[in-house]
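First comes the structure, then the notes that go with it.
The values are calculated or read from the model by the stated rules, or taken from the named source; none is laboratory data. All values reported here derive from a predicted model rather than from experimental measurement. Note that each Cβ is placed from the backbone with ideal geometry, even for glycine, and that neighbours are counted across all protein chains shown.
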Amino acid sequence: MSKPVKELLLADYKKRFDDVEAALVIDIRGMDANDNNALRLDLASKDIRVTIVKNSLARKAFAGTRLEPIIGSLQGPSALAYPDGIGAESVVDVARELVAWARKLEHLELRAAVLDGELFEGKAGVARLSQYPTRLEAKARVVQLVLTPAATLVAAMLGPPSGILSIVKEIERRFSDEQTISKAG
């Protein structure tokens, strides 16, 4: 490959992956064409991009970026899978999809993933990442945690006061009937 072509590819990688904060490194070598097309079409329908990269140029393009931790995983034929930003909000969505596909396709190798600068190595690392909550799920959990004490407070205000109210009414009834009120009842 000539130097001008390499420079064009490097510039393309820098531009294409400039906004990508997290991605997965996969190997799709050995997969037959039908499986490859099915995988790519399914991922594309979920706004997940798959891009085959030239490792040496990708290493240069990713240096100093958020994708730098995956540089060591760029060995042999490599492809990058990453959210396109519209449908798949998070690399967790991408990891979930690829873990499901890896169960179906024996030739799909999950090499690594990066999220917030943390490297998830190998199939086990990607599987661990797929179990993380997405941004939306994390926000829902935070809202639930914030609302739970309020719900408990409302339940406490509605439950015991009715018991206290019945005691106050009983005391009022006894006073009106001029009965004595003792501790025992």
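Structure notes:
- Members of the range 76-88 that are at pLDDT 90 or above and either in a loop (DSSP other than H, G, I, E, B) or aliphatic (A, V, I, L, M) (or both): 79, 80, 81
- Residue satisfying condition, being surrounded by fewer than 17 Cβ atoms within 10 Å (Cβ to Cβ) and modelled with pLDDT of 90 or more, within set 111, 141, 103: 103
- Just one of the listed residues (124, 100, 113) is in the same structural domain as residue 77 (by TED's automatic domain parsing), out of contact with any Phe, Trp or Tyr (no Cβ under 8 Å at 6 or more places or on another chain), closer than 23 Å to residue 72 by Cα and not charged (D, E, K, R), namely 124.
- The residue that is modelled with the lowest pLDDT, counting only those in the range 168-185 that are surrounded by 10 or more Cβ atoms within 10 Å (Cβ to Cβ) and of a type in the set (A, V, I, L, M), is 168.
- Test for residue 19: is it charged (D, E, K, R) and in a helix (DSSP H, G or I): no
- Taking the criterion of being surrounded by fewer than 19 Cβ atoms within 10 Å (Cβ to Cβ) and under 30 Å from residue 104 (Cα atoms), the residues of the range 10-31 that qualify are 16, 21, 27, 29, 30, 31.
- Qualifying residue in the range 32-53 (condition: of a type in the set (S, T, N, Q) and crowded, with 19+ Cβ neighbours inside 10 Å): no
- Residue 95 vs. criteria out of contact with any Leu (no Cβ under 9 Å at 6 or more places or on another chain), in a helix (DSSP H, G or I), farther than 27 Å from residue 5 by Cβ and aliphatic (A, V, I, L, M): no
Here's the yes/no breakdown for (1) touching a Gly at 6+ places or on another chain (Cβ under 9 Å); (2) more than 30 Å from residue 137 (Cβ to Cβ); (3) loosely packed, with under 15 Cβ neighbours inside 10 Å; (4) aliphatic (A, V, I, L, M):
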site: 4; (1), (2), (3), (4): no, yes, yes, no
site: 57; (1), (2), (3), (4): no, yes, no, yes
site: 69; (1), (2), (3), (4): yes, no, no, no
site: 78; (1), (2), (3), (4): no, no, no, no
site: 117; (1), (2), (3), (4): no, no, yes, no
